Structures are given as C-alpha cells and as structure tokens.
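**Q** First, the structure itself, so that you have it in front of you.
The values are calculated or read from the model by the stated rules, or taken from the named source; none is laboratory data. Just so it is clear, the model here is predicted, and its values are computed rather than measured. Virtual Cβ from ideal backbone geometry, glycine too; neighbours counted across all protein chains shown. These area figures cover heavy atoms from the full protein model, side chains too; ligands, DNA and RNA do not enter into them. Shrake-Rupley method; radii C 1.70, N 1.55, O 1.52, S 1.80 Å.
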Amino acid sequence: CQTTCIKKTHGFISLLLPYRKKWIGVLFLSGATALLGAINPFIAKLTIDGAIKNSDLAGFIFLALFGAGIFLISELLDNTRNFLDRYLRAKVNFDLNKKVFTHMQDFPFQWFRQRSTGENLYTINYDIESVGEFITTIPPQALFLFPRLLFVLGIIFYLNWRMALCSLCLVPFLYLPFYCLGPKIQRAWQAFVENSEGIFKKLQEIFSHMQLVKVFGKEEAEIAGYLEDLGSHQSLEIKNIQLDIAGEFAARATQKIIVGLLTLYGGYQVIRGQMTLGSLTAILIYLSQLVGLQNQFAGFFQTGITGLVSCARVAAILDTEIERVEPGKAPPIIFKKPEIIFKSVSFGYTAGAYVLKDVNMHIEAGRSISFAGASGCGKTTLLNLLVRLSDPWSGSISIDGRDIKNLSISSLKEQIGFVLQEPFLW
C-alpha cells in the first residue's frame, strides 16, 4: 500500500516545475539556516573556554555580538523560507484544484451517480490541501533533515569522539516510537478520512433536501442518524488522539533518558579532565538540536503519512480514464425534422440490472409527449439517454434520422432544452 502511494506522488511533484525558482530558493534557504544553526553552539564553546576562562571582556563582547548577528540573519532567512514555502503551497493548491475540478467535468454522468457529493467536496477541500502540503514540505525536509543530522554528529565527533560514539549508539532510539507507531497511525488516519467523507455526504444530503425533511417531520430521525455518525467519527478521532499522545509520550521519555545519559557521561569526562566545560556545553546544545530534529522527523512522518493517503485518493480521480463519447470528426448539425426514434434500447446503471429493456418508441416532430409511472421506472433515464448523459447498452437512438452517437455532442445539447422539476438558476 505504501509503495503504491509513493508511486502516486511522482505526478504531483511536476506541479512544482512552474515555480522551480522559488522552490530552489526554499531549498537554498533551508540549507543556509541549517548551517547557521550549527554555528552558535560552537560560539558558545569559544565563549566559555576562551573569553570567560581567560577573563577576556573584549572577546566576550565580540563573540556575543557575533552570535546575535548569526541569530538575526538565521531568523530573517527562515522567515523568508517560510513565506516562500506557504506561497508555493497556495499556488500548488490552486493548480491542483484546477486540474482535479477540470478533469472531473469530463467524467460521464454515471461516475457522479456512483460517488456522493460529500466525497467530492471532501477531496476538493481537504485531500488537495494535504497533497499541496506534502509535495511542498516533504522534499526540502527530506533533503536537509538527514544531512543535517549527520552534520551535527560530525561536529560532535570533532569536539569529543567518545560523546559522538555514545550519541550514535543512543540517538537511533529517538526514532523507535515512530517506527513502531507509524503503520498504526496511517491505518487510523485512513479510517478517519473515510469516516469524515461519510459525514460530508450525510450533511450534503440533509441540507440539499431540507424541504423534504421539514415536510415529512423527519428532524428527529435526521438528528439521531447524524449523531450516530458523529459518535463513530468521535471514536476514530479519540483513537487518533490516543496514538498521537502515546507517540509524543514515548518520544519525550526517550529524549529525556538519552539526553540525561549523555549529560551524565559528559559531566563525568569534564570532572576527569577529558573534556572542557565549553565543549560539553556546545555538545549539549548540539544534542538539543538533534532532539529538535527528531521532532521535525515526527512532523515529517506525520505529514508524509497523511500526504500519501491523500495523494492516493486524488490520484485515483486523476487516473480515472475518461470515456470519449464524442465521435472523431463529427460535424455540427441543425435538426430540420426532429423526430425521435428509440430502437430496441436497453440500459441500466449497474451490471445486469435493467432499468429499460428493448424499448421501442417513435415520437413525431411537433408532438408533446408525457411519461407517467412509478418512481424508478425509467422516465428520467429516457431523457438522460436522449442527451447522452449515458449511452444505451444496446439499441440505438436517432433524431432526424441520425444516430445521436454519430453527432457532435455540443450541437446535440445546444438543440435540446432540459428543465428539471427543481429549477436551477444559472
């Protein structure tokens, strides 16, 4: 499942190409802030072991001002990166929304019958936003989180190889909670998304048919049904909260234990004279950066999990092949004698379940015809077939002696008025 989801992301990355200069800017700024963030701990070492130990006031002031300057530059670059990142996300969301909505307009009417409006609204509102965050956030983090981790460990090696070896042995345990809980979080999130989609569907049905709800006095029944769905949604939400809290608790506990062990070992080396206090201070600051990186990894994995789920859902829509019902070079036509003939027409919305079977009908031009019958007997289906919202399984429909399958769809629809029982004002 994860492999399939990852394959689905390749097409979405191309959405960044029109904004590649800004995206490269995000990558550059991410790398610059990472490098600048690695300087200040070393300045702390120089301040303690040099300026403070030797009572060098001028050196102390210089290092303090230098560190403040590095901090200000780092904050400026980080805020610029943050703006570009959010700008890219807004642009990508717009482009993807446009792409999905435009693609959906070419789907046959049958596709919309098989999906609820709530499902489509959820995809356009939430899945697209999740995909946009995924493709703009994950690549820069993937490019710099792992190298930054190695870079910080390299500096610790330079300062004290014993502390670095201890860090290498202990730091991998920081990621153990996410490794263990990651699959559970993904499954729980998938269930949560599907349930949210169902609630959207329920609300859309209620609000779009409120007149019927009021007329038939179904308020209490709708409240009961909605509360039942909301209860299921709440249970899934609580399960997600439990997993999040369990992961956060395990991560924090692991962090405290590892940092505590490394601090004890570092303090022991300072007391034995094997390391200076400045080096220990710098190493502890670098360790706090490692813990911060671990928290970024947590966000990285969380965004990755939700993003992969949404990528698969949006890709399922974009990968849906459009049935081309327009003839290759069908010329436009104007009906002169618009008589309508149904010849042995059979059709249904699900395989094997006929709504119409072997229907034969001849409607002369200029006649007014009424169809009467029980709900579901096929009255609206006849009209849907006439305007080619669906095509018959067998048989043919002709207007003015021409099979409508061989006509230009645009010229066909331009000459047919379709007035529903519930008017829609364009």
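**Q** Do the conditions hold for Arg162, that is, is it assigned to a helix (DSSP H, G or I), touching a residue at least 12 places away in the same chain (Cβ under 8 Å) and farther than 29 Å from Gly25 by Cβ?
**A** Answer is yes for this residue.
**Q** Might you check whether a residue that is open to solvent by less than 30 Å² (accessible area, probe 1.4 Å) and without any contact (Cβ under 8 Å) to a residue 24 or more places away in the chain occurs anywhere in the stretch 389-402?
**A** There is no residue in the stretch 389-402 that is open to solvent by less than 30 Å² (accessible area, probe 1.4 Å) and without any contact (Cβ under 8 Å) to a residue 24 or more places away in the chain.
Each row is one residue, and each column tells you yes or no for (1) among the hydrophobic types (A, V, I, L, M, F, W, C); (2) out of contact with any helix residue (DSSP H, G or I) (no Cβ under 8 Å at 6 or more places or on another chain); (3) over 30 Å from Thr136 (Cα atoms).
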residue: Ala32; (1), (2), (3): yes, no, no
residue: Lys53; (1), (2), (3): no, no, yes
residue: Leu65; (1), (2), (3): yes, yes, yes
residue: Leu72; (1), (2), (3): yes, yes, no
residue: Glu75; (1), (2), (3): no, yes, no
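**Q** When you check Lys184 against the structure, is it open to solvent by 80 Å² or more (accessible area, probe 1.4 Å), out of contact with any Ser or Thr (no Cβ under 7 Å at 6 or more places or on another chain), part of a helix (DSSP H, G or I) and basic (Lys, Arg), yes or no?
**A** For Lys184, the condition - open to solvent by 80 Å² or more (accessible area, probe 1.4 Å), out of contact with any Ser or Thr (no Cβ under 7 Å at 6 or more places or on another chain), part of a helix (DSSP H, G or I) and basic (Lys, Arg) - is met.
**Q** Now a separate question. Give me the residue from the stretch 331-371 that is touching a Gly at 6+ places or on another chain (Cβ under 6 Å) and open to solvent by 80 Å² or more (accessible area, probe 1.4 Å) and, out of that set, modelled with the lowest pLDDT.
**A** Tyr354
**Q** Looking only at the stretch 331-352, which residues are under 25 Å from Arg115 (Cβ atoms) and either touching a residue at least 40 places away in the same chain (Cβ under 8 Å) or of a type in the set (Phe, Trp, Tyr) (or both)?
**A** If the condition is that a residue be under 25 Å from Arg115 (Cβ atoms) and either touching a residue at least 40 places away in the same chain (Cβ under 8 Å) or of a type in the set (Phe, Trp, Tyr) (or both), then Ser346, Phe347, Gly348, Tyr349 are the ones that fit.
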